[in-house]
Amino acid sequence: MFDILLKGGDVHDGSGKVHACCDVGIKDGMIAEIAPDLSTKGSAQIIDVTGLVVSPGFVDMHTHSDFTLIADGRAESQVHQGVTTEVIGQCGISCAPVLSHDNIRKVAPWYTADAKHKGWLGFSEYLDALDDTSLGVNVMAFVGHGTIHRAVMGDELHAGDADDVKKMAKLVEQCIDEGAGGFSSGLEYFPGILAAPEHLVPMCEVAGKHGRLYATHVRNRDTHYDLGFAEAIATARQSGAKLQISHIQPKYGAPAYAMNHTLEMIELARRHDVDIAFDVIPHDWNHTLMAAILPKWAQSGGIEDVMKRLADPEARAKIKANPQPMWLIVKAEKWQDIVLLNATINKDIVGADFAEIGRMRNCHPYDAVLDILLEEGENMMACMWSSKSFRNSDVELCLNQPECAVISDTVAIANDGVLKDHIGSLSGYGWAARFLQYYVRDQQILTLAEGLRKITSIPADRLGLKNRGRLKIGYHADICVFDPAHIASNATAKNPRRYASGIAHVMVNGQLSMLNGLRTKTNAGQVLRDFKAA
């Protein structure tokens, strides 16, 4: 007898295979049987899913929910669109290890002082803190280079000497022993911007030795895109680590052929046995921390140091004159294509573009940017913006590559509770829904079976998740049931906190977190610490 029987749906098993009008029996949190008719076996609960798609739960292999899950583990924005597993600790940013509880706020993305937690130091303590949270999704955690660097070097404005790098590599090893699922870097962010391959290779060697991924936000994806991608490939080649290039699509300022050229570079490296895969954000909008626009000298030290520079007219003029900012769309002054995405003090103007904000404040838009950062103060690192910096044609080209996964690059939040004023990206409440709505159903870039592979088995296999990412007997019952004709993102720049629609039921580890389109009170997510070699 089953605990739950999903009756009569079109079962997409995650591998690309489709079984029409099939039943799925769930027992003890696992998939027990898949067959055309299981009604004679009996079940404590039968759910009619006729006309709906039954898919593995979606695996989001690149998020920044490291602290938002501590603050509110329900992960409402993700569960409402079928996500059952998240991978945090990306772009070199992780919540651990830290040297003191006071340092948590310095490294934690989307930190909120209203969150209640007991604190942590080492990586295992951080995972224990997640375990103590009622989680709506399963969580795999990478350790970030930026956090490792700060634990060894503090806020010093250099990458460290050979002995420092040895200490960092040893700390990466310790974190992996304590449950970190991989290692990440963010080479456009401070302090990752300080590191060169000779600093990163020893840490990547540790990841490679354990069969874990090295995921990188490369140094540059615009004018010097080829140098940034070549550096990532060289680091993987030298270290032997499996490389995952995060959100690979080039940014505003890159030549039109950049995406094709990048794929050619990857293919050549693969011929010489470098293991490379990549992922994309299913959107032409690019989002990041507003503070990342500051040159590295302006980001050094603590937030108080940054604020002093922002308030100093001479330092401010030097910041604005930076010849190579993180976003060339800023240098080009296309302010109408840049919107304020998240702010704490200035939340009343979230969704406005910076041309409009400059007019409202009667100042140059760049000064409005720096003023807002200064006004946000201690909340500066939660201040986000988004720009129309990606080419949709580049996204489509990547989606047609068999190894490409689809990610959110966002955070798990909710439109109620302690995180109600937070936002992670324009598509944070609807990235998976929009992918299936726009690229699969409307544009038909991929078939539904191909699209589902991009957010189920492809990321699960790449990450080394055990018995997840497929609808298969003996696998964990992480399941999403949805209406392919009506799945849709409802988020907009002005109203980014609307949940997706078209999701009927979601199961995490065999328990219903959504039933008949409504969120239940069940949070059955687990912290994942045991992995296959990715």
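The values are calculated or read from the model by the stated rules, or taken from the named source; none is laboratory data. Everything quoted here is computed from the prediction, not taken from an experiment. Positions of Cβ are generated from backbone atoms using ideal geometry, with glycine treated the same way; all protein chains shown enter the neighbour counts.
Before moving on, here are some points about what is shown:
- Filter result for ASP13 (surrounded by 20 or more Cβ atoms within 10 Å (Cβ to Cβ) and without any contact (Cβ under 8 Å) to a residue 40 or more places away in the chain): no
- Exactly one residue out of LEU436, LEU448 is in the same structural domain as ILE93 (by TED's automatic domain parsing), buried (at least 24 other Cβ atoms within 10 Å of the Cβ) and either over 26 Å from VAL137 (Cα atoms) or of a type outside the set (Lys, Arg) (or both), and it is LEU436.
- Residues satisfying the stated conditions in segment 492-505, i.e. modelled with pLDDT of 90 or more, aliphatic (A, V, I, L, M) and touching a Leu at 6+ places or on another chain (Cβ under 7 Å): ALA504
- Candidates ASP305, ASP275, filtered to the one that is over 27 Å from the mean Cα position of the chain (by Cα) and within 21 Å of GLY92 (Cβ to Cβ): ASP305
- Test: residue in segment 226-244 that is of a type in the set (Ser, Thr, Tyr), part of a loop (DSSP other than H, G, I, E, B) and over 20 Å from the mean Cα position of the chain (by Cα): no
- Considering residues of segment 95-135 that are part of a helix (DSSP H, G or I) and touching a strand residue (DSSP E or B) at 6+ places or on another chain (Cβ under 9 Å) only, the residue nearest to ALA412 (Cα to Cα): LEU130
- Residue ID - nearest to the chain's Cα centre (by Cα), chosen from residues in segment 97-133 that are under 14 Å from ALA151 (Cβ atoms), surrounded by fewer than 18 Cβ atoms within 10 Å (Cβ to Cβ) and of a type in the set (A, V, I, L, M): LEU121
- Qualifying residue in segment 367-383 (condition: in a loop (DSSP other than H, G, I, E, B), more than 30 Å from ARG74 (Cα to Cα) and without any contact (Cβ under 8 Å) to a residue 24 or more places away in the chain): no
- Odd one out for GLY51 among (1) within 24 Å of the chain's Cα centre (by Cα); (2) assigned to a loop (DSSP other than H, G, I, E, B): (1)
- Candidates ASN362, ASN342, ASN346 - the one that is at pLDDT below 90 and not assigned by TED's automatic domain parsing to the domain that holds ASP421: ASN342
- Once segment 384-401 is narrowed to residues that are assigned to a loop (DSSP other than H, G, I, E, B) and modelled with pLDDT of 95 or more, the residue that is surrounded by the fewest Cβ atoms within 10 Å (Cβ to Cβ) is ASN400.
Here's the yes/no breakdown for (1) in the same structural domain as ALA449 (by TED's automatic domain parsing); (2) closer than 22 Å to GLY451 by Cβ; (3) at pLDDT 95 or above:
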{"position": "ILE4", "(1), (2), (3)": "no, no, yes"}
{"position": "VAL18", "(1), (2), (3)": "no, yes, yes"}
{"position": "CYS22", "(1), (2), (3)": "no, yes, yes"}
{"position": "GLY29", "(1), (2), (3)": "no, no, yes"}
{"position": "GLU33", "(1), (2), (3)": "no, no, yes"}
{"position": "SER39", "(1), (2), (3)": "no, no, no"}
{"position": "SER43", "(1), (2), (3)": "no, no, yes"}
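- The test for being touching an Asp or Glu at 6+ places or on another chain (Cβ under 7 Å), under 17 Å from VAL98 (Cα atoms), in a helix (DSSP H, G or I) and not polar (S, T, N, Q) holds for VAL152.
- Taking the criterion of being crowded, with 19+ Cβ neighbours inside 10 Å and either in contact with a helix residue (DSSP H, G or I) (Cβ under 8 Å, 6 or more places away or on another chain) or of a type in the set (Lys, Arg) (or both), the residues of segment 16-54 that qualify are ASP23, GLY25, VAL53.
- Options ALA75, ALA108, ALA71; residue that is under 30 Å from SER489 (Cβ atoms) and modelled with pLDDT under 95: ALA108
- Tally, over segment 477-493, of residues that are over 22 Å from the mean Cα position of the chain (by Cα) and either among the hydrophobic types (A, V, I, L, M, F, W, C) or farther than 16 Å from ASP10 by Cα (or both): 4
- Residue within segment 459-475 that is touching a residue at least 24 places away in the same chain (Cβ under 8 Å), in contact with a Phe, Trp or Tyr (Cβ under 6 Å, 6 or more places away or on another chain) and crowded, with 23+ Cβ neighbours inside 10 Å present: no
- The single condition among (1) more than 30 Å from PRO365 (Cα to Cα); (2) buried (at least 21 other Cβ atoms within 10 Å of the Cβ); (3) out of contact with any Lys or Arg (no Cβ under 6 Å at 6 or more places or on another chain) that MET265 does not meet is (2).
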